[in-house]
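Just below is one structure, and these are the notes that go with it.
The values are calculated or read from the model by the stated rules, or taken from the named source; none is laboratory data. Because the structure is a prediction, the values reported are computed rather than measured. Glycine also receives a Cβ, built like all others from the backbone with ideal geometry; neighbour counts cover every protein chain displayed.
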Amino acid sequence: MSTDRYQSPLSERYASKEMQYIFSPDMKFRTWRKLWIALAETEKELGLQITDEQIEELKAHAEDINYDVAKEREKQVRHDVMSHVYAYGVQCPKAKGIIHLGATSCYVGDNTDIIVMTEALKLVKKKLVNVIAELADFAEKYKAQSTLAFTHFQPAQPTTVGKRATLWLQEFYLDLEDLDYVLSNMKLLGSKGTTGTQASFLELFDGDQETIDKIDPMIAKKMGFQECFPVSGQTYSRKVDTRVANVLAGIAASAHKMSNDIRLLQHLKEVEEPFEKSQIGSSAMAYKRNPMRSERIASLSRYVMIDALNPAITSATQWFERTLDDSANKRLSIPEGFLAVDGILDLCLNVVDGLVVYPKVIEKRLMSELPFMATENIMMDAVKMGGDRQELHEKIRTLSMEAGKNVKVEGKENNLLELIAADPAFNMTLEDLQKTMEPARYVGRSKEQVENFLKNVIRPVLAENKALIGVKAEINV
């Protein structure tokens, strides 16, 4: 490990080896060579004078890239693609003359970018599906666990722990829908030449339009894609990068929302992310259990959400058939967006898998607020026994304010039930009132909503993607 130069935290601390390989030089340049082989095979099959011997030579050196030769050549010619054409030709002297025939740099550069992003999206999908699966199990387990719900982070009507988890789950499900759409619409650039007109192929194939029409579909098939974009300039539309980055930003937003909720719940001591036996929460305060994984999710998520602006601005500012101000930006924004999301999803898997729920704390907080929330039911019961609705409403308002003062000003327990029992207008004993304090009466259809959502929406999606389930996250730090 080199300690005298900058190292990306994304590769050193957060992203998995699997995602790092997808954006590695080996993946990139091996894909370049596969594309050159696909082009040569296609041109041979369509009638150009290319031999089986030349193609076999190219295949023999598809993996063993002579980086040293390419690097030295690039110092001379200042062109990465032509440097690798040269290096490949050094290894393949018989095929040297037909490497990159009729193509421009974007043939290998842009097609490889699409292939790499497609593979990265597949890995993101695998991890996203597993996050959904973990959350589904968590929601199922706690579907009936009553808890205090909040609006504006103020106590509101109760919900259940499982129902709250479905709110996180639904956002990740929407992300999966978006990801599937983008993934299913990934297309290669193909081989369209300097300005996208395929002019070089008109020369190579003596103006044979029908033959030229076969080039892109044949290359796509050889590279495992359904089709190429029907039209382009020199590059594929940078709108594709915007689409991809927006999917990543959507996942990041969903993860950020969930991590924020977990951080707040950990402050309330109701729910807690995993905390290892030897983990240190604070350098100064040994008792602390900081939600560091959830905080890291939020931190990385903010980066990804902002990173999505890069491809959007790039696609908006491409001039005519192409400019090169996309290149340096793409080298940063696309890999780093994927590496960060990879780290985020690993953290989400780790947190959800080990999420700890504290029912006693949840119950205590809920019961301290429940008398206020039960007042409407109490009032209705009192009306059934002959009370005046308007009079009872005013009395409950007054008594609630008095109980609230006891809690907030005096620091006492909530004594609303005692105050109501002492008022003859309600004609109810304290025992009668305490019978109304069953949390399950106030959570509405939370349990049923969890069951229906899992059964009708989530479980079918997980069944469709069952081959992807089983990923366990490895957290480096």
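Looking at Pro424, Pro371, Pro439, which one is farther than 30 Å from Asn130 by Cα, in contact with a strand residue (DSSP E or B) (Cβ under 6 Å, 6 or more places away or on another chain) and not small (Gly, Ala, Ser)? Before you say what the answer is, go through the steps one by one.
Numbers: Pro424 fails: in contact with a strand residue (DSSP E or B) (Cβ under 6 Å, 6 or more places away or on another chain); Pro371 fails: in contact with a strand residue (DSSP E or B) (Cβ under 6 Å, 6 or more places away or on another chain).
On inspection, the qualifying residue turns out to be Pro439.
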I need the full set of residues from the range 127-174 which are of a type in the set (Val, Ile, Thr) and in a helix (DSSP H, G or I), in order please.
Val129, Val131, Ile132, Val161, Thr166
Scan the range 51-59 and give yes if some residue there is under 25 Å from Phe201 (Cα atoms), surrounded by fewer than 16 Cβ atoms within 10 Å (Cβ to Cβ), over 38 Å from the mean Cα position of the chain (by Cα) and in contact (Cβ under 8 Å) with a residue 60 or more places away in the chain, otherwise no.
no
In the range 266-301, which residues are aliphatic (A, V, I, L, M), over 22 Å from the mean Cα position of the chain (by Cα) and modelled with pLDDT of 95 or more?
Leu268, Val271
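Among the listed residues Ala70, Ala62, which satisfies the condition of being assigned to a loop (DSSP other than H, G, I, E, B) and not assigned by TED's automatic domain parsing to the domain that holds Lys126? So that I can check it myself, show each step before the final result.
Working: Ala70 fails: assigned to a loop (DSSP other than H, G, I, E, B).
Residue meeting the stated conditions: Ala62.
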Candidate set from the range 289-336 (those that are in contact (Cβ under 8 Å) with a residue 60 or more places away in the chain and in a loop (DSSP other than H, G, I, E, B)); member that is farthest from Leu189 (Cα to Cα)
Ala308
What pairs come out if I take residues in the range 414-440 that are at negative phi and pair them with residues that are polar (S, T, N, Q) and part of a helix (DSSP H, G or I) whose C-beta lies under 7 Å away, six or more apart or interchain?
Asn414/Ser368; Asn415/Asn406; Leu416/Ser400; Leu417/Gln434; Thr436/Asn377
Is it the case that some residue within the range 116-123 is closer than 21 Å to Ala252 by Cα, surrounded by fewer than 23 Cβ atoms within 10 Å (Cβ to Cβ) and free of Cβ contacts under 8 Å to residues at least 12 places away in the same chain?
no
Can you name the residue in the range 202-217 that is surrounded by 14 or more Cβ atoms within 10 Å (Cβ to Cβ) and acidic (Asp, Glu) and, of all such residues, is nearest to Glu43 (Cα to Cα)?
Asp216
